[in-house]
Amino acid sequence: MQQNNSRLKIALIQSSLHWENPNANRDMFGNKIEQIEQDVDLIVLPEMFTTGFTMSPANIDIHEGVITLDWMKKIATCKNSAIIGSTVFHDNGNYYNRLLVVKPNGEYESYDKRHTFTLAGEHEKYTAGTERLIVNFRGFAICPLVCYDLRFPVWSRNTENFDVLLYTANWPTPRINAWDALLKARAIENMVYCVGVNRVGIDEVGHLYPGHSSLYDPLGGLISLTEKEETIIVEIEKEKIDLVRKKLRFLNDRDHFTLSN
């Protein structure tokens with residue numbers, strides 16, 4: 001694919017997951033990615049796409065994070081696309097809900113989920129991250145975050161003039177209205193495209209997931225949303241971001257602040 005600095009085509013893969021079975025999930029997503037006939041720039045997978053939202057990371061072999069990273073590198077090279085998703089990752093004796101961004105040239109960057117989900121006890125099993133990540137890819141600046149991060153607008157705040165907020169998630173049915181509302185709000189307040197990729201199906205502990213993977217434009221307009229297991233292709237335009245920000249200079253009036261742990 002020729003690089004296009006004005007448009008970015010994104011594949012959102014909404015799927016059920018095999019519980020704590022990295023091999024089965026990699027095979028499944030490999031097949032789904034192989035079936036993408038269009039050239040895309042970016043492929044986005046759900047949160048913890050190799051295991052489901054497990055609170056038993058010790059059940060997962062400590063090498064699986066590296067195995068998944070190597071798998072993502074092969075996919076990125078083969079498809080000439082960047083690929084994003086979070087996975088259980090063991091590093092220096094700690095477990096992380098680590099989001100990986102792998103580019104076609106094999107380079108990668110990572111982000112450890114900042115807001116671990118205390119309602120499920122995630123904070124007791126996984127070490128929280130402390131640094132936000134901004135990825136520059138094919139002319140777009142992307143801020144990738146993970147699930148519960150969506151509820152915290154200060155952490156999502158557009159202080160670096162990025163173009164895209166991207167959330168990968170396991171967000172259950174009882175709170176899906178919040179998912180929809182917050183994705184829209186994050187797009188509006190940050191004047192960005194906002195991407196959310198959720199899963200579908202029922203996990204091993206009985207949580208039901210309704211999908212609602214979606215894309216909102218910089219004014220909060222809904223571009224695409226799906227409730228079924230499928231891959232949807234969406235496209236974003238740099239020109240639209242620039243025009244909206246030039247006409248409506250809301251970011252110029254934003255509050256300035258610093259974060260401390």
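Can you confirm whether region 196-212 contains a residue that is among the small types (Gly, Ala, Ser), modelled with pLDDT of 95 or more, out of contact with any Cys (no Cβ under 8 Å at 6 or more places or on another chain) and farther than 26 Å from Thr50 by Cβ? Among the residues of region 196-212, not one is among the small types (Gly, Ala, Ser), modelled with pLDDT of 95 or more, out of contact with any Cys (no Cβ under 8 Å at 6 or more places or on another chain) and farther than 26 Å from Thr50 by Cβ, which makes the answer no.
Of Leu100, Leu42, Leu12, all but one fail to be of a type outside the set (Asp, Glu) and either under 16 Å from Val200 (Cα atoms) or in contact with a Gly (Cβ under 6 Å, 6 or more places away or on another chain) (or both); the exception is Leu12. Kindly evaluate Thr173 against the criterion of being touching a Leu at 6+ places or on another chain (Cβ under 9 Å), under 26 Å from Met28 (Cα atoms), at pLDDT 95 or above and surrounded by fewer than 17 Cβ atoms within 10 Å (Cβ to Cβ). Judged against the criteria, Thr173 is a match.
The condition (being more than 15 Å from Met55 (Cα to Cα) and not in a strand (DSSP E or B)) is satisfied by just one residue among Ala178, Ala128: Ala178.
Please name all residue pairs, on different chains or six or more residues apart, with Cβ atoms under 7 Å, provided the first residue is in region 170-193 and is acidic (Asp, Glu) and the second residue is surrounded by fewer than 23 Cβ atoms within 10 Å (Cβ to Cβ). Every condition considered, the pairs that remain are Asp180/His212; Glu189/Pro153. Filtered by the rule that a residue be more than 30 Å from Asn31 (Cβ to Cβ) and outside any strand (DSSP E or B), region 228-243 gives Lys238, Glu239, Lys240, Ile241, Asp242, Leu243. Listed by first and then second residue, the pairs with beta-carbon distance under 7 Å, at least 6 apart or on different chains, first residue in region 75-103 and under 19 Å from Glu131 (Cβ atoms) and without any contact (Cβ under 8 Å) to a residue 40 or more places away in the chain, second assigned to a helix (DSSP H, G or I) and among the basic types (Lys, Arg), are Tyr95/Lys125; Val102/Lys73.
Among the residues of region 77-89, the ones that are under 17 Å from Gln35 (Cβ atoms) and either modelled with pLDDT under 95 or over 14 Å from the mean Cα position of the chain (by Cα) (or both) come to 4 in all.
Put simply, of Lys113, Lys79 the only residue that is in contact with a Leu (Cβ under 9 Å, 6 or more places away or on another chain) and surrounded by 18 or more Cβ atoms within 10 Å (Cβ to Cβ) is Lys113. Consider region 15-69 and keep the residues that are of a type in the set (Ser, Thr, Tyr) and either under 19 Å from Glu230 (Cβ atoms) or over 19 Å from the mean Cα position of the chain (by Cα) (or both). The one that is surrounded by the fewest Cβ atoms within 10 Å (Cβ to Cβ) is Ser56.
The values are calculated or read from the model by the stated rules, or taken from the named source; none is laboratory data. What you are looking at is a predicted structure, and each value in this text was computed from that prediction instead of being measured. Note that each Cβ is placed from the backbone with ideal geometry, even for glycine, and that neighbours are counted across all protein chains shown.
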